[in-house]
Every structure is written in C-alpha cells, then in structure tokens.
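In what follows, a structure is listed as structure tokens, so that the remarks can point back to it.
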Amino acid sequence: MTEGKVVIVTELYSGGSSGIGLSTIQLLLSLGTSVIGADLHEPPEGAVNSAQFTFYKADVTKWQDLVGLFKKAIELHGRVDHVLANAGVAPRTNYVNGIELDENGDPKEPTGFVLDVNLKGTINTATLAIHYIRKNPSGGSVVVNSSATGLHRFRGVDYTVSKHGTIGLMRGLHAALASQNVPVRINGLVPHWTASGIVQEELFKELGIYTQPASAVARAAVKLMADESRRGQLIHIDHEVCKEVDETLMQVYESFQHEESTGGDEGIALLAARMKWFTDAK
C-alpha cells in the first residue's frame, strides 16, 4: 500500500502536467499518498485538487534542481519513500541525414538534449532517490519509466539510445543494491504506445495506431511501489496488459552463453572482492 507514503514524481516539459505523470499523481493521491510533482509547468487548473500534493518547479537536466526537489520533500514530510523517474522528451536528432554545418562548412556536434533529459536526468534522479530512501528504516523503491523502444530497433535513434540506457540503469542498480544489501528496490516500466505529451492520441488515432490510456502505466507504477516482492522487474504494458519481461530476456541470454562462462555480475563480484570496488573505503 502507498497510503501515508511520500512519493516524488519527476518530469520535464509537461510530464507531470499530462499523460503518465499526471495519471500517476492522481492515482497516488486517491490512495492517500503525499506527492511532490516536479516539472517545468504546473498541472492544468483543476487537474490536481489535494492538500497532499506539492508542485516543485524543476528541470531534471540540472543537478541542483533535483537536489532542491529532494530537500523540499524532506522539509515537508521528513522522508521520501518512493520515486517515479518519468521525465522524457521525444526524438529530435537525425544522425543519418540531419547533420548541420557550421560557418566553415564543418559538421556540428548533434544535440545531446534527449540524452540529457531521458538518460542523464533519470540517472541523477535515481542516484538521489537511493541516497534519501536508504535512510528510511523500511527503505522504499525507485520506478524507472523507460519505453518499449528500449527493447527493440526504433529509428528515433537518440530516444532509443536513452531508453536502452534507462533499462540498463535499472538492471545495473538492481544488481548493485542487492549485492550491498541496500534497502531500496528498483524496477522499470516499458510501456508501448501510451497517450502522453509525446504520443498525441488524436494523431495516432488518425494513423490507425492504438494508444493505451496513461492510467494503465500509472497502475503498473503504483503496483511496483506497493508490492515489496517486486525487485529488478521490467514491466511491459501494452493494450493495458502488464507482463514481466526481464526474467524471460535473462533466460534467453543465458541460453546462448558458453556452459563454462562466468556470469557478468558474478565476474564483477569476483573483481570487486579483489580490487575492493564498491566499498566505503575512501
């Protein structure tokens, strides 16, 4: 249950003002949860009417904004129990035919804005979440909202890279947290086409593409927060149907490993023990 808990939902460019972010905030509030929503824009008037909601203006690409967000949660409630890292923007860089030239005719470096928001912003959010949540006697959880595009080939390259990266973040942090007995769970979401600030429902309807309601993803996010047995899971949501997919993917990977191969995480554990990686030694 999330009743009485304190949850941060991070956003950028109307993430918390519409779509998955707003739906999650509304669901959490209906369950008696205190919510701090971070975005560049406040939710639409009348969308959130609860004394348990606090809006905090923040840009997830700025570290100090994120630090201020978590400090505000501590100031208001004394703790943070769960965090949904939900900030995201649409693809905007064409690495194949979209290179721009400077005044000398030389290629200009492509913008890294999508990676800054979708990947770096999520990494920093998760890092701060772990820092604060681990202080709770009972711990808590982080939910990373990635995308189904992180599981397959998608021609929006910068977006695809960022979403593959956030899945890797969840997997890596799950292994690291478990190995160090940190009382913080981390799980991920990989929703298929979902009505949001990025996926415009009317446009997709004209194209004959089904978009599931944001509430379907919100329910999955809250389930991951509330169910303490969920650890290192990756929940795929399509047509409002949720399925855990990472265990299957891991089994496929293991099926083509050499029978005498040392697992990647097992190898890291052996190296960490020898080289004293990931210890508290200064």
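The values are calculated or read from the model by the stated rules, or taken from the named source; none is laboratory data. Treat the numbers as computed from the prediction; the structure is a model and nothing was measured. When we count neighbours, we look across all protein chains shown, and the Cβ atoms used for this are built from the backbone with ideal geometry, even at glycine.
Before moving on, here are some points about what is shown:
- The condition (being assigned to a loop (DSSP other than H, G, I, E, B), within 21 Å of the chain's Cα centre (by Cα) and closer than 24 Å to residue 244 by Cβ) is satisfied by just one residue among 153, 92: 153.
- For residue 84: the one exception among (1) buried (at least 16 other Cβ atoms within 10 Å of the Cβ); (2) over 23 Å from residue 215 (Cβ atoms); (3) under 17 Å from the mean Cα position of the chain (by Cα): (2)
- Residues of segment 161-184 that are touching a residue at least 40 places away in the same chain (Cβ under 8 Å) and over 18 Å from residue 86 (Cβ atoms): 161, 171, 174, 175, 176, 177, 178, 179, 180, 182, 183.
- Test result for residue 58, more than 18 Å from residue 145 (Cβ to Cβ), surrounded by 23 or more Cβ atoms within 10 Å (Cβ to Cβ) and aliphatic (A, V, I, L, M): no
- For residue 108: the one exception among (1) more than 30 Å from residue 223 (Cβ to Cβ); (2) basic (Lys, Arg); (3) touching a residue at least 12 places away in the same chain (Cβ under 8 Å): (3)
- Pairs where the first residue, in segment 250-274, is closer than 22 Å to residue 173 by Cβ and the second is among the hydrophobic types (A, V, I, L, M, F, W, C) and part of a loop (DSSP other than H, G, I, E, B), C-beta under 6 Å, 6+ apart: 272/278
- Failed condition for residue 208, given (1) crowded, with 19+ Cβ neighbours inside 10 Å; (2) at pLDDT below 95; (3) out of contact with any helix residue (DSSP H, G or I) (no Cβ under 6 Å at 6 or more places or on another chain): (1)
- Entry remark, segment 48-85: residues being in contact (Cβ under 8 Å) with a residue 40 or more places away in the chain, assigned to a loop (DSSP other than H, G, I, E, B) and in contact with a Ser or Thr (Cβ under 6 Å, 6 or more places away or on another chain) number 1 in total.
- Any hit, segment 238-248, residues being surrounded by 15 or more Cβ atoms within 10 Å (Cβ to Cβ) and either without any contact (Cβ under 8 Å) to a residue 24 or more places away in the chain or in a strand (DSSP E or B) (or both): yes
- Any chance residue 118 is without any contact (Cβ under 8 Å) to a residue 60 or more places away in the chain, out of contact with any Asp or Glu (no Cβ under 7 Å at 6 or more places or on another chain) and buried (at least 16 other Cβ atoms within 10 Å of the Cβ): yes
- The residue that is modelled with the lowest pLDDT, among those in segment 76-105 that are more than 23 Å from residue 221 (Cβ to Cβ) and among the aliphatic types (A, V, I, L, M), is 99.
- Selected residue (criterion: nearest to residue 70 (Cα to Cα)) from residues of segment 96-134 that are in a loop (DSSP other than H, G, I, E, B) and in contact with a strand residue (DSSP E or B) (Cβ under 6 Å, 6 or more places away or on another chain): 134
- When 196, 162, 138 are checked against the criterion of being part of a loop (DSSP other than H, G, I, E, B) and crowded, with 18+ Cβ neighbours inside 10 Å, 196 stands alone in meeting it.
- Only listed residue being crowded, with 20+ Cβ neighbours inside 10 Å and not hydroxyl-bearing (Ser, Thr, Tyr), chosen from 171, 185, 230, 219: 185
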